[in-house]
Amino acid sequence: MITEIVKIDFSKPLDAQVQKCAETIVRGGLVAFPTETVYGLGGNALDADAAKKIYAAKGRPSDNPLIIHIEKPSDAEEYCLTNDSYYKIANAFMPGPITVILPKKEIIPFSVTGGLSTVAVRCPEHPVARALIRAAGVPIAAPSANTSGRPSPTSASHVIEDLSSKIDAIIDGGDSEIGLESTIVMPRDGGVTVLRPGGITVEMLSEIFDDVTLDEGIVKKNESASAPLAPGMKYRHYAPRATVFLIKDVGNADFDGRVKRFLKGKLDREPLTGVICFDEYRDEIIGKNVFYFGKKADDDEHAKRLFDILRRFDKTDAPEIYATASDLRGVGLAIYNRMLKASGFNILEI
Ligand code: TXA
Ligand code: MG
């Protein structure tokens, strides 16, 4: 199949530019599109066959449910059983990088929800995503537009790398603003459980709910018999080919000094060592496979760059990768969670 690339011109009206892609989705085809978090691989969420095509294009296990994307929070009424918590979240954070798990209505096929009786609902903020949903007139089921197991795509070129010739079209709307997938929450009596951390932080959720808990697997290897609440969180993800080690700050004095000495030692012995570190290390930590991902305190920048850097490593000859972990506050928790998965929970305490 020839995949058409549709480049968006933000100085012109969007609706006309996405019209053909919207028709492709209504016809049962697949179109990758930009959102503020990562690129999504969209198909008609009311069409069981479209969902099957999505799983096939990604090589994704079919027990891993898809998120349905809607234009307005109230559109959820048609597809699931909403509740007060949903509207509390919607009023505070939608449109935006948050996904809510709710009991599904019959109209949503089980192939979209991986057989579950709940469905994940998200109302994205990106103007192209919104224009596409509006023009299609159906909810759009969309996982991240990567091959299963690879980092989520934060640019059209990442999508082209993974899905070219497997889907009908890719809408190129530039780089994703946030760079990490949406926060996923499940409402429950008295509060919410966070299944996947993201741009809407635990701190932000705590402003509207008294009780915000984290699903176990977010910062710990899931060793219990119970599966994570979001089926997708159980899969090894984001992992480059080389082994990744995550360097964690456990409060020892002079963390930066220790880490720099450690990295220098590694690079002296093996100049091809891969490194992901803060901009502040730039003068001292230098090498062919060293990537800087923003100032130490700039979580937003780390979030934006992480997946692109992980993908770049697959084009290098780095035998091992050492990455400095961010602070766990705010969006730092989401970055840490993705890095943990990329490292397969390989943590170095220095
Ligand atoms: O930012 C995002 O959420 C992006 C953009 C495209 O919107 N989408 C995305 O989708 O990250 P995906 O499929 O890569 O991740 C969806 C996650 C998976 O971990 C899946 O298991 C979980 O959401 N999920 C979906 N439906 C669920 C449900 N009914 N119950 C629990 N978890 C669910
Ligand atoms: Mg994904």
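The values are calculated or read from the model by the stated rules, or taken from the named source; none is laboratory data. Every value quoted in this text rests on a predicted model; they were computed, and no experiment measured them. A quick note on method: Cβ atoms are made from the backbone with ideal geometry, for glycine too, and the neighbour counts reach across all protein chains shown. For the accessible areas, the whole protein counts, side chains as well, though only heavy atoms, and no ligand, DNA or RNA atoms are used. Shrake-Rupley method; radii C 1.70, N 1.55, O 1.52, S 1.80 Å.
Considering segment 137-153 alone, what residues qualify as being more than 12 Å from ligand 2 (Cβ to nearest atom) and open to solvent by less than 10 Å² (accessible area, probe 1.4 Å)? Once the filter is applied, which keeps residues that are more than 12 Å from ligand 2 (Cβ to nearest atom) and open to solvent by less than 10 Å² (accessible area, probe 1.4 Å), segment 137-153 yields Pro139, Ile140, Ala141. Checking each residue in segment 112-134 for being more than 9 Å from ligand 1 (Cβ to nearest atom) and on the phi > 0 side of the Ramachandran plot picks out only Gly115. When Ser176, Ser148, Ser165, Ser117 are screened for being in the same structural domain as Asp63 (by TED's automatic domain parsing) and modelled with pLDDT under 95, only Ser148 passes. The condition of being without any contact (Cβ under 8 Å) to a residue 40 or more places away in the chain and in the same structural domain as Pro143 (by TED's automatic domain parsing) holds for only one of Ser74, Ser85, that being Ser74.
Counting the residues of segment 282-302 that are touching a strand residue (DSSP E or B) at 6+ places or on another chain (Cβ under 7 Å) and open to solvent by less than 80 Å² (accessible area, probe 1.4 Å) gives 7. Kindly check whether there is at least one residue in segment 207-224 that is assigned by TED's automatic domain parsing to the domain that holds Asn44, crowded, with 20+ Cβ neighbours inside 10 Å, under 16 Å from the mean Cα position of the chain (by Cα) and more than 30 Å from Gln19 (Cβ to Cβ). No, the conditions are met nowhere in segment 207-224. Give me the residue from segment 233-270 that is within 16 Å of ligand 1 (Cβ to nearest atom) and touching a residue at least 40 places away in the same chain (Cβ under 8 Å) and, out of that set, surrounded by the fewest Cβ atoms within 10 Å (Cβ to Cβ). Among residues in segment 233-270 that are within 16 Å of ligand 1 (Cβ to nearest atom) and touching a residue at least 40 places away in the same chain (Cβ under 8 Å), the one surrounded by the fewest Cβ atoms within 10 Å (Cβ to Cβ) is Arg236. Looking at Ile171, Ile160, just one residue is in the same structural domain as Tyr55 (by TED's automatic domain parsing), touching a helix residue (DSSP H, G or I) at 6+ places or on another chain (Cβ under 9 Å) and either aromatic (Phe, Trp, Tyr) or at pLDDT 95 or above (or both), and that residue is Ile171. Regarding Thr316, is this residue over 22 Å from the mean Cα position of the chain (by Cα), within 23 Å of Asp175 (Cα to Cα) and open to solvent by less than 60 Å² (accessible area, probe 1.4 Å)? Yes; evaluated as a whole, the condition is true for this residue. The strands (runs of 3 or more DSSP E) falling completely within segment 271-344 that include 1 or more residues that are without any contact (Cβ under 8 Å) to a residue 24 or more places away in the chain and over 29 Å from Met204 (Cβ atoms) map to 290-292.
Would you check if Ala230 is out of contact with any helix residue (DSSP H, G or I) (no Cβ under 8 Å at 6 or more places or on another chain), open to solvent by 70 Å² or more (accessible area, probe 1.4 Å) and modelled with pLDDT under 95? It is false that Ala230 is out of contact with any helix residue (DSSP H, G or I) (no Cβ under 8 Å at 6 or more places or on another chain), open to solvent by 70 Å² or more (accessible area, probe 1.4 Å) and modelled with pLDDT under 95.
Is it fair to say Ile200 is within 13 Å of ligand 1 (Cβ to nearest atom), in the same structural domain as Gly42 (by TED's automatic domain parsing), touching a strand residue (DSSP E or B) at 6+ places or on another chain (Cβ under 6 Å) and not hydroxyl-bearing (Ser, Thr, Tyr)? Taking the combined requirement at face value, the residue does not satisfy it. Looking only at residues that are more than 16 Å from ligand 2 (Cβ to nearest atom) and open to solvent by 10 Å² or more (accessible area, probe 1.4 Å) in segment 174-185, which one is farthest from Leu41 (Cα to Cα)? Per the stated criteria, the residue is Glu177.
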